[in-house]
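Participant: What follows is a single structure, and I will ask about it in a moment.
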């Protein structure tokens with residue numbers, strides 16, 4: 001008999017999925033329009049504004065006033081939606097495409113349960129997740145445990161996708177950074193609303209893949225303890241784009257030829273290695289290990305896959321090392337298969353992370 005190594009199969013499945021979805025030249029690659037600025041100095045200044053050093057990261061969340069509209073309700077649950085202007089700084093709002101400047105949110109909440117006896121988790125989008133449905137399905141079973149689900153539509157995705165962008169392929173490097181900063185600001189404002197206005201006694205933030213990176217950033221920057229639950233997430237955008245499968249679907253030639261960002265030439269021309277090193281330098285500013293430790297690291301639970309073709313094990317372990325007290329849980333599978341097969345493990349991590357938080361006292 002021929003024995004089959006399931007781990008290898010999961011890993012190969014990730015490569016096949018990436019090939020079919022990204023590498024068959026059906027669409028444009030990532031960053032087909034280059035770096036996204038008029039000169040290198042402008043890009044670097046913008047990046048430093050997006051991800052400042054840890055000493056200046058404790059800015060308070062912007063206050064939002066969401067106006068909810070009920071989409072449907074049953075005897076036990078209600079789904080509401082709202083939109084609001086992104087709370088980013090004015091300079092960054094202008095840098096966002098017009099389509100991305102308005103945030104959209106879905107809110108699935110149990111009925112007939114007071115907010116102070118409920119928890120709520122904000123779910124952030126992974127690469128390619130353009131709708132609410134997938135994350136609502138992940139959170140819906142938690143209603144029975146009085147855990148509400150709030151789903152944020154990412155900038156550059158869904159109804160917020162720029163008209164010239166095809167699918168999830170961001171046109172410029174700066175788009176990836178702007179997406180991250182807007183997601184962080186919007187998520188922190190939503191958490192603040194849940195805590196200060198809606199009266200929820202426990203809150204959390206979770207996400208898969210790219211959404212997991214953003215969830216980790218939000219958990220690190222939020223001023224109050226929240227359950228922080230990154231699923232199938234690297235410690236930095238460097239991992240998928242410079243080391244992982246996305247390096248095969250990145251428009252290296254476009255980055256190389258983008259005259260607005262001149263690089264030092266070697267023997268009269270810019271080398272591919274120089275371009276890769278520049279991208280690594282820019283994306284290293286998304287390294288979550290450089291962010292502050294969350295207020296309650298015991299409520300941080302990473303869920304990672306044993307045979308992930310996108311996210312190597314060392315990347316997950318770097319985050320755990322940077323945040324003492326956090327926990328890593330492993331599920332058997334690859335990046336793609338774990339997403340489809342391990343919803344129960346993700347939900348258990350959500351429940352356990354929330355259980356590690358203390359109930360907030362109601363405001364007088």
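Participant: How long are the three semi-axes of the equivalent ellipsoid of segment 84-131, in whole Å, if each is the root of 5 times an eigenvalue of the C-alpha gyration tensor, listed from largest down? Don't skip to the end; give the middle numbers.
Facilitator: Details: eigenvalues 168, 42, 17 Å².
Its equivalent ellipsoid spans semi-axes of 29, 15, 9 Å.
Participant: At 7 Å along Cα-to-Cβ for each site, give me the label-to-label distance between residue 248 and residue 166 in nm.
Facilitator: My value for the distance between the label points is 1.9 nm.
Participant: Say each of residue 340 and residue 85 gets a label point 7 Å from the Cα, pointing the same way as Cα to Cβ; how far apart are those two points in nm?
Facilitator: Going by the 7 Å Cα→Cβ label model, 4.4 nm.
Participant: For segment 162-287, what is the relative contact order in percent, using Cα pairs closer than 8 Å and at least 6 residues apart in sequence? Could you put the intermediate results ahead of the total?
Facilitator: Values: 115 pairs, mean separation 22.1, N = 126.
RCO, segment 162-287: 18 percent.
Participant: Suppose each label sits 7 Å from its Cα in the direction of the beta carbon; what would the residue 281-residue 134 distance come out to in nanometres?
Facilitator: 3.4
Participant: Right, something else. Calculate, in nm to one decimal, what residue 116 and residue 330 gain on full extension: separation in residues at 0.36 nm each, minus their alpha carbon distance.
Facilitator: On the way: separation 214, 0.36 × 214 = 77.04 nm, distance 3.23 nm.
Taking 0.36 nm per residue and subtracting the Cα distance, the gain is 73.8 nm.
Participant: Can I ask one more? Give, in nm to one decimal, the length gained when the segment between residue 273 and residue 317 is fully stretched (0.36 nm per residue of separation minus the Cα-Cα distance). Working shown, then result.
Facilitator: Working: separation 44, 0.36 × 44 = 15.84 nm, distance 2.70 nm.
Contour length minus the Cα-Cα distance gives 13.1 nm.
Participant: Express the relative contact order of segment 129-220 as a whole percentage, based on alpha carbon pairs under 8 Å and six or more residues apart in sequence.
Facilitator: On the way: 60 pairs, mean separation 16.9, N = 92.
Relative contact order of segment 129-220: 18 percent.
Participant: How many percent of all Cα-Cα pairs in segment 180-266 sit more than 21 Å apart? Write out the running numbers ahead of the final one.
Facilitator: Numbers: 1759 of 3741 pairs.
Taking all Cα-Cα pairs of segment 180-266, the fraction more than 21 Å apart is 47 percent.
Participant: When 338, 281 are ordered from fewest to most other Cβ atoms inside 10 Å of their Cβ, what list results? Could you put the intermediate results ahead of the total?
Facilitator: Numbers: 338 26, 281 13.
Fewest-to-most ranking of 338, 281: 281, 338.
Laboratory data are not the source of any read-out in this text; all were calculated from the coordinates shown. Worth saying up front: this structure is predicted, and the values here are computed from it rather than measured. Quick reminder, even Gly has a Cβ in these numbers, built from the backbone with ideal geometry, and neighbours come from all protein chains shown.
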